[in-house]
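Engineer: Take this structure, written in structure tokens, and hold onto it; I'll ask about it next.
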Amino acid sequence: MAAHGGKMKSVSINGVKMYTISSHQRSVAAWLSPKKQRSLRKDKNYTERLELIQDLRFETATSKIKITPDGEYLIASGIYPPQVKVYELRQFSMKFERHLDSEIIDFQILDEDYSKLAFLCADRSVNLHAKYGKHYSLRIPRMGRDIAYDCWSCDLLCAASSPDLYRINLEQGRFLSSLNTQSPALNVVSRSKFHGLVACGGEDGAVQCFDMRMKTSIGRINAVSPAGDAEEEVTAIGFDESGGFLMGVGSSAGKVLIYDLRSSSPIRVKDHMYGSPILDIKWHNTPNFDQPKLITTDTHIVKIWDPETGEGMTSIEPTAGAINDICVFNDSGLMLLALDASQIPAYFIPTLGPVPKWCSSLESLTEELEEGGQTSIYDNYKFLTKEDLEKLNLTNLIGTNLLRAYMHGFFIDFRLYKKAKALADPFAYETYIEQRKQEKLEAERRNRITMKRKIPKVKVNQELAERIVENEEAENTKKDIDGNESKKTLKKKKKGALSTEIFKDERFAQMFENKEYEIDEQSQEYLALHPMASKKQPSMVEEHFEPVVENDDQSSSDSDASEASQSSEDLGVNHKRKKSRGPRMYEVKDERHAEAFWNNISLAKEDSLPMGERVKALQDDQFSGLPNDVKLGPGGSRQISFITKSSAKYKEDDEDRMTRHEFNH
């Protein structure tokens, strides 16, 4: 074994000890400088790692991993680029690797060793390989999803996005008639080595079994609905090779159902509790147990449990990436996981079974497999999402060596992050202090008992009443904030301001009830006493008219812009001359504003109303005091419609008029 001296990671779950025989749990940044990488030689935990097989890794991810029936070779497929690697276990190293044109979805080992292989690829092709390399390639009608091999008839079975199960006879070298199913598409196909039964799992949650001797269907059940998931799919099927009567079915909802082939109801349902599709189901026989254990896998976890009782033995949750496949060595407690990561971790569970013969030296190391805690080398880096980069104005660094893409964000040097943070928000500390002060004041204010005063409803001078209440509330709030204010100042403020006591005083009752005391804010007397009040509301001219820009003003502004290089004094003189030139001209906005200005009416309050209320008010005006045939038009105009009388009617009216005239005489 290569580099097997040292300690390893050990974990105990449910009293079952598990050893991690790989260095995948130590995250090593690929962009570290050579100096930093050389410094890892002094790290005891890094140097005392154990590698089960040399170069057991792919550049990006591993898709599938299997062991040959003779137990001598390990075959793994991965990306990128799409390739397959064959490892010789007795030599603890890679034997060869081959590259393919498309990504490998699944593959089957057709012989006892690696001499005959069949690869199902993502471009609908099936590639047949021999010892010397690629032998032949063919294509199936639909996109393939799973592949199985019937060694009794030399049929290669391909499940695809179609209701037909494609059959390729490798002995005759041609396609045979497909097996028709009732499912809209097939996700998985599995074959029992004990009795040769072939089972297909479809998108509709049904499992259909075929007898390859008769090439007909012998049964079909909805395998997913008993678990309460009527609309889920079948994603995995596994047969018990020891007894031959049990079958495990995995659903896309993360549940495993165990069926007896003689019954249509499941005898046990196991939920992975992750909601991820079940990827693989294996019935594992070991010398340590009389009955087989069930190993079920989804993208998050691998669970090992007893199919008879449903009790869990232990579980494996890798942290390096999502799980794609699992390989369990026969009659052993050693297993490998194919992840969405470059390395392929190995796990050894002594309770499940012994070590394989090709790595028997591992048995003597289990007593010393106690490694220290994990060391992180990302201490000098800060993880930021894309939103964080936008706040720090660092989006221009995406794609450079200063940012390293990782998962849903980026790694950045912590020193650079601190500098960018200081530049983006230089007053962050002062803002934080002010915010803390405001929070304390708000907390103190909430603890006090405050009473919200209702604005009294009066007949006259409602705006004055509201202003008195608002001023008093503002004064009370100012007292709460500034508690150190002197009493003299407060008394002076109270003498000059009106309070809500005025509503209770009988002397001032008529001011809010009698219309003769109504305040006219547009009168000359009011504007003389309150010069600032006129600035609160726009004048009638500004409301109903728009200033007219004459051609001379435009030309003068252009000439001023061309002479921007002159001194500020010249500009000031020109500006004064421009202001003193003639009266300003105004243009009325529309006929509606013209009529309102003629009647000295402000439309500000009407324009501030919602559209629904304005339409309703317009309809009320139309139907109040006007005939039904009179309609209001723009600018105060009126429209009336009538029907002219015929000429015969006019003649009758003239005759009646003449008759009345003669009768009167």
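The values are calculated or read from the model by the stated rules, or taken from the named source; none is laboratory data. What you see is a predicted model; the values in this text were computed from it and never measured. Glycine gets a Cβ as well: all are built from the backbone with ideal geometry, and neighbour counts include every protein chain shown. Accessible surface is based on the protein model in full, side chains and every heavy atom, while ligands, DNA and RNA are left aside. Shrake-Rupley method; radii C 1.70, N 1.55, O 1.52, S 1.80 Å.
Engineer: 5 Å is the cut-off here: which amide hydrogens, built 1.01 Å from N in the peptide plane, fall below it relative to F107, excluding neighbours closer than 5 in sequence?
Structural biologist: L120
Engineer: Quick check on my link table: of K17/K64; K85/K293; K64/K131; K66/K282; K36/K95; K515/K589, which ones sit more than 23 Å apart, alpha carbon to alpha carbon? Mind showing how you got there, number by number?
Structural biologist: On the way: K17/K64 26 Å; K85/K293 29 Å; K64/K131 20 Å; K66/K282 13 Å; K36/K95 32 Å; K515/K589 34 Å.
Long pairs (Cα-Cα over 23 Å): K17/K64; K85/K293; K36/K95; K515/K589.
Engineer: Something else now. How big is region 125-221 on each of its three principal axes, counting only the C-alpha atoms and giving the largest first in Å?
Structural biologist: 44, 28, 20
Engineer: I need the calculated FRET efficiency for the pair L609 and E442, taking r as the beta carbon distance and R₀ as 45 Å, to the nearest 0.05.
Structural biologist: Numbers: r = 35 Å, r/R0 = 0.78.
Result of the calculation: an efficiency of 0.80.
Engineer: Also, quick follow-up: Whole-Hz Karplus ³J(HN,Hα) for region 304-319, in order, using 6.51 cos²θ - 1.76 cosθ + 1.60 and θ = phi - 60°, x for Gly and Pro?
Structural biologist: 10, 8, 8, x, 7, 9, x, 6, x, 8, 6, 8, 10, 10, x, 9
Engineer: Which far-off residues, 5 or more places away or on another chain, put their amide H under 5 Å from the one on H300, with H placed in the peptide plane?
Structural biologist: I323
Engineer: Given labels modelled 7 Å from the Cα in the Cβ direction, how far is it in nm from S137 to S12?
Structural biologist: About 5.4 nm, to one decimal.
Engineer: Heavy atoms only, 1.4 Å probe, whole protein assembly: order W152, W358, W305 by accessible area, highest first.
Structural biologist: Values: W152 160, W358 30, W305 0 Å².
My answer, sorted largest first, is W152, W358, W305.
Engineer: Counting only residues 5 or more places away or on other chains, whose amide H sits under 5 Å from the amide H of A346 once H atoms are built in the peptide plane?
Structural biologist: For A346, the qualifying residues are I21, S22.
Engineer: Quick check: Cα centre of region 219-242 to Cα centre of region 297-311, how many Å?
Structural biologist: Region 219-242 and region 297-311 have Cα centres separated by 16 Å.
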